[in-house]
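K.L.:
I am attaching a structure below and will ask some questions about it afterwards.
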């Protein structure tokens, strides 16, 4: 069984790595950058590629023997096999590439450690907003804006005037959403891109993020750790079955629901 340092020790290094990658992403974001198409026709930019080139070897050095699954390597058929309970890293170098292309700032850099098919820790950087979310499951979650000290965050309890849902700007199914609400009063819907949606639930700005569209494990892992560390959880669409990792060789996810304080 592969061992690793205490999560709080790893997190110190993960923060350094993600900030270095975020700086590279912003350098490219503010320049004339190249855009390419993957085999599935989804866009990828220099930022995705360069950030993963920073993150992957840094994690391999940090935890020798622990595999790293990065989105861009996986898209090229180079993802290592992780179909067991061993630990592995999940990396999405730029989640929200379409938000990156549209210059709205709602893209993130994501690093998660998974062990026994569950998140251990995660860091989500929103580089255009200089905001960093971190979470160590069982120890707590934080949000840091700029150079201010990190502040603890937690999910909020159910509000009497209805639920606030966070939804993707580009994916969704109104009929499924109405069925999911099942009589709950919908107070507000907040649209956001990338893994930022989970973080809005984790910090108590929203109550639920139901996802009835396609995602992969690297889209979820880091923010899942933040959300769970903040007192939330993710289940499958039935609201009961836990969301786990290393489910399929292609890392595709089923529909799921990210919960704040509502149960």
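A short reminder: the numbers here are calculations on the coordinates, not readings from a lab. Computed from a predicted model, the values in this text were never measured in an experiment. Here the Cβ positions follow ideal geometry from the backbone for every residue, glycine too, while neighbour counts run over all protein chains shown.
K.L.:
When a/c reaches 1.5 or more, the comparison of a/b and b/c decides; with that in mind, is the range 123-263 rounded, prolate or oblate per its Cα gyration tensor?
P.N.:
oblate
K.L.:
For the ranges 235-242, 131-138, what's the packing order if you count other beta-carbon atoms within 10 Å of each residue, average per peptide, and put the highest first?
P.N.:
Highest-to-lowest ranking by the protection proxy: 131-138, 235-242.
K.L.:
Also: When the chain is fully extended, how far beyond the present Cα-Cα distance does residue 154 get from residue 49, taking 0.36 nm per residue of separation?
P.N.:
Answer, rounded to one decimal: 34.5 nm.
K.L.:
Further, regarding this structure: When mean projected area of the Cα convex hull in nm² is calculated directly from the model, which label among (1) 12.2; (2) 13.3; (3) 19.0 fits?
P.N.:
Label of the calculated value: (2).
K.L.:
Take residue 185, project a point 7 Å from its Cα along the Cβ direction, then tell me which residues of the range 153-167 have their backbone nitrogen under 11 Å from it.
P.N.:
Residues 159-163 fall inside that zone.
K.L.:
Set the Förster radius R0 to 25 Å, insert the Cβ-Cβ distance between residue 8 and residue 129 as r into 1/(1 + (r/R0)^6), and round the FRET efficiency to 0.05.
P.N.:
Efficiency computed from Cβ-Cβ geometry: 0.50.
K.L.:
Measure nothing but the geometry: give the 0 to 90° angle between the long axis through the Cα atoms of 7-29 and the longest principal axis through the Cα atoms of the chain, rounded to 10°.
P.N.:
Between the helix axis and the principal axis of the chain, the angle is about 80 degrees.
K.L.:
Same structure again: Round to a whole angstrom and tell me the spacing of the C-alpha centers of the range 49-126 and the range 1-36.
P.N.:
When both Cα centres are located, 9 Å separates them.
K.L.:
Calculated FRET efficiency, residue 23 and residue 240, Cβ-Cβ r, R0 41 Å, to nearest 0.05?
P.N.:
Calculated value: 0.50.
K.L.:
Taking the highest mean first, how do the peptides 82-88, 156-162, 64-70 order by number of other beta carbon atoms within 10 angstrom per residue?
P.N.:
64-70, 82-88, 156-162
K.L.:
Can you compute the helix-only [θ] at 222 nm over the chain? Use -39500 (n - 2.57) per DSSP H run of at least 4 residues, normalise by all residues, nearest 500 deg cm²/dmol.
P.N.:
For the chain, the value works out to -9000 deg cm²/dmol.
K.L.:
Here's another thing I want to ask about it. Using 0.36 nm per residue of separation minus the Cα-Cα distance, give me the extension gain between residue 255 and residue 147 in nm, one decimal.
P.N.:
Contour length minus Cα-Cα distance gives 35.2 nm.
K.L.:
Moving to a separate point now. Please report the relative contact order for the chain, taking Cα pairs under 8 Å with a sequence separation of at least 6, and give it as a percent rounded to a whole number.
P.N.:
Taking the mean separation of contacting Cα pairs over the length of the chain, I get 17 percent.
K.L.:
Let me ask another. Estimate the FRET efficiency between residue 31 and residue 81 by the formula 1/(1 + (r/R0)^6), using the beta-carbon distance for r and 41 Å for R0, to the nearest 0.05.
P.N.:
For R0 = 41 Å, the calculated efficiency reads 0.65.
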